[in-house]
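Reviewing the structure listed below.
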Amino acid sequence: MIGEFFKGLFLMIWKAATDQPDPKADFLQVLPHAIRPVAAVVLSITPIMIVFPTLFAITTWLERKGLGRIQNRFGPNRVGPCGLFQPVADGLKMLTKEDIVPRSADKVVHFLAPVALLIPTLLAYAVLPCGRNMVPINIDAGILFFFAVGASTELSIFMAGWSSRNKYSLLGAMRAIAQMISYEIPLIISTVTVVMIAGSLSLVEIVSRQEGYIFDLVPRWYVFTPWGLAGFVIFLIASLAESNRSPFDIPEAESEIIAGHLTEYSGFKYALFFLAEYLGMFAMSGLAVTLFLGGWHAPLPFLEWVPSYVWFLAKLVALVCLFIWIRGTVPRLRVDQLLNFAWKFMLPMALINLVVAAVWHFTAPWSFAGAILWRWLLCAVIIAVPYVWLGRALSGDKKLTQRTYRYAD
Amino acid sequence: MLGEGIIKGMAETARNFIGSYHDPSRLTTVEYPEEKIPAKENARNFPFLVFDGSDPMKGLRCVACQICEKECPPQCIYIVKDTAKKPDYIGKLQFQPKTFDIDISVCMSCQICVEVCPFEAIKMDTNFELSNSDRFGGLLLDKHELAKSNDYYHKIHATEASEVDARLAAEKAKVDAKAKADAEAKARTAAAVPKPALHGQPVLAK
């Protein structure tokens, strides 16, 4: 019995590691009938609960190191080799801190907010295909589910801001709501292009549509089409805003409102917020990988022997590094700039991208010589002209001049 | 064009990122407890007492005149004068402080004690690693802790110390010359026949 149990366990891990279909089946055979459904669920959840929080720990280290190097300093280098155990030290610090709740706070909501933020963030992973046969649940409307649970994070941020009874918390929460609702629209419209072309709302289906290579060289990822490229950029910018990352981190702008909705949180609850924020960022990056970067497909045909989940994680980490790079470069926007950018620039561009996707789709039957070049050119013009025009119109006639001070001299 | 500045900025940060791995001029961090940069010559924090010779207690330049104690704005110096003169490092009899305490938790590093000292006996130190687990006793330095050699003074403030040494040497030469002249004059008066003193009505110069 015990021998069979371990045999099944190792077989399952082996099958999962080598990309074979349905790794859980053999192991579930060993277990009693009654606990099989529960065991299947637990086996699906456990890897997510291990891999992504670990990635969170590594990312905090990577971020601090990367930002340090960008600012010409070392970053953490005291705990362990190259400061690698810094996340452990940070975690210990967070967990041993006193949990302070303001006397005038709404205690129940204050307690519920971090939990209510973490749960939907984790739920979003349920539909992300992390590997060839690795998706916890393959539902037909995967994208819809993803955005539905993703949108509920706004509620918990407002819960946090409201229940703290602190002006900074409330201001931060209001900013967060304004920002997330504004950027959700271009985010979803840019994914709609993918749904239009792939003809499916299932993320597994979308990944399988990006299989194969053009001339055995260029992968058929959506990012290598004009609408996909534009959509990817729009998605990336919107997902930065959606995960409250710099330069869109005005909900927790330190210089203005202390820490926004996090002001009154400390210790473990603060750690939960932090964790949820990063998990949300990973989920968004994972969705970007799935929609535009070919999901778990290898970038080149001869690299296909590498297990699929390695490619998924590699692309995800690459996107996270890009986010860190952007954070180290771009300063924070002002609230009005942020909302203007969302409504006056991102939304029109996302809508135009829908047209580009349609043009790309309906010019597919073109078969004359050099048709692909003409299709690219047409789509590029449709996207580039409004981009340049909008850019000029929005920045207006404002010329940068020497600032004159009337009173302070 | 829109986004141009962001691309330029990203290129700049990428240059910083890569440059910090191979270009020492970009990564200027000094990892403090392991490596230290020597203190600047003009640095100062708390005073110390200079001594000459090899025995710190005998060689103290301080003669317990208490000027610094009186001038110290936050009153952090405490001096008790010795009752009898004691031989210094060259055997000359000098007054010396019996107690000389500086409470560096009170000291404000103003350097006034250094400026008023006529004997070049008190100078400013550059040592800043003074953390202590006893915030009362540990920060009250007595004369044994305060006494530091002239060589140490040369090491931390080379230019200033040479000036001080030159000044002291000049003064010593002057004193020596005067002593010599006085001795000669004394010898001469002793050798000459003492003349009777002139007695007369003193005239008021008016």
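See the values below:
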{"quantity": "Hits in region B:75-94 - residues which are part of a loop (DSSP other than H, G, I, E, B), surrounded by 13 or more Cβ atoms within 10 Å (Cβ to Cβ) and either within 19 Å of the chain's Cα centre (by Cα) or aliphatic (A, V, I, L, M) (or both)", "calculated": "B:C76, B:D88, B:Y89"}
{"quantity": "Of all residues in region A:314-341 being at pLDDT 90 or above, away from chain B (no Cβ under 14 Å) and in contact with a helix residue (DSSP H, G or I) (Cβ under 8 Å, 6 or more places away or on another chain), the one that is surrounded by the fewest Cβ atoms within 10 Å (Cβ to Cβ)", "calculated": "A:V317"}
{"quantity": "Tabulated pairs, region A:87-114, first surrounded by 15 or more Cβ atoms within 10 Å (Cβ to Cβ), second among the acidic types (D, E), C-beta under 8 angstrom, 6+ apart or interchain", "calculated": "A:V101/A:E264; A:P102/A:E264; A:A105/A:E264; A:H110/A:E264"}
{"quantity": "Only listed residue being free of Cβ contacts under 8 Å to residues at least 40 places away in the same chain and among the aromatic types (F, W, Y), chosen from A:W305, A:W360", "calculated": "A:W305"}
{"quantity": "Conditions (1) under 17 Å from A:I181 (Cα atoms); (2) in a helix (DSSP H, G or I); number of the one not met by A:W311", "calculated": "(1)"}
{"quantity": "Selected residue (criterion: farthest from the chain's Cα centre (by Cα)) from residues of region B:1-58 that are assigned to a loop (DSSP other than H, G, I, E, B) and basic (K, R)", "calculated": "B:R26"}
{"quantity": "Condition met for A:V41 (of a type in the set (V, I, T), surrounded by fewer than 17 Cβ atoms within 10 Å (Cβ to Cβ) and not assigned by TED's automatic domain parsing to the domain that holds A:S163)", "calculated": "yes"}
{"quantity": "Selection status of A:A369, closer than 25 Å to A:N133 by Cβ and outside any helix (DSSP H, G or I)", "calculated": "no"}
{"quantity": "Residues located in region A:157-172, provided they are under 21 Å from the mean Cα position of the chain (by Cα) and surrounded by fewer than 24 Cβ atoms within 10 Å (Cβ to Cβ)", "calculated": "A:F158"}
{"quantity": "Pair list, Cβ under 7 Å, 6 or more apart: region A:267-287 residue more than 16 Å from A:P114 (Cβ to Cβ), other residue hydrophobic (A, V, I, L, M, F, W, C) and outside any helix (DSSP H, G or I)", "calculated": "A:A283/A:L128; A:G286/A:L128; A:L287/A:L128"}
{"quantity": "Filtered residue count, region A:130-164, keeping only those that are of a type in the set (G, A, S) and not in a helix (DSSP H, G or I)", "calculated": "3"}
{"quantity": "Condition met for A:A288 (out of contact with any His (no Cβ under 7 Å at 6 or more places or on another chain), farther than 30 Å from A:A176 by Cβ and modelled with pLDDT of 90 or more)", "calculated": "no"}
{"quantity": "Single residue of A:G260, A:G280 found to be assigned by TED's automatic domain parsing to the domain that holds A:M174 and in contact with a Leu (Cβ under 8 Å, 6 or more places away or on another chain)", "calculated": "A:G260"}
{"quantity": "Members of region A:248-304 that are among the polar types (S, T, N, Q) and part of a helix (DSSP H, G or I)", "calculated": "A:S255, A:S285, A:T290"}
{"quantity": "Set B:S54, B:S20: member being of a type in the set (G, A, S), over 30 Å from A:L390 (Cα atoms) and within 14 Å of another protein chain (Cβ to nearest Cβ)", "calculated": "B:S20"}
{"quantity": "Complete set of residues in region A:379-393 that are more than 27 Å from the chain's Cα centre (by Cα), loosely packed, with under 15 Cβ neighbours inside 10 Å and either aliphatic (A, V, I, L, M) or more than 14 Å from chain B (Cβ to nearest Cβ) (or both)", "calculated": "A:V381, A:V385, A:V388, A:A393"}
{"quantity": "Per-region count, region A:176-216, residues within 20 Å of the chain's Cα centre (by Cα) and in contact (Cβ under 8 Å) with a residue 12 or more places away in the chain", "calculated": "27"}
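The rows are residues; the columns are (1) at pLDDT 90 or above; (2) among the charged types (D, E, K, R); (3) in the same structural domain as A:L55 (by TED's automatic domain parsing).
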residue: A:C130; (1), (2), (3): no, no, no
residue: A:N133; (1), (2), (3): no, no, no
residue: A:I143; (1), (2), (3): yes, no, no
residue: A:F147; (1), (2), (3): yes, no, no
residue: A:A151; (1), (2), (3): no, no, no
residue: A:L155; (1), (2), (3): no, no, no
residue: A:K167; (1), (2), (3): no, yes, no
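The values are calculated or read from the model by the stated rules, or taken from the named source; none is laboratory data. This is a predicted model, so every value here is computed, not measured. Don't worry about glycine lacking a Cβ; one is built from the backbone with ideal geometry, like all the others, and counts go over all protein chains shown.
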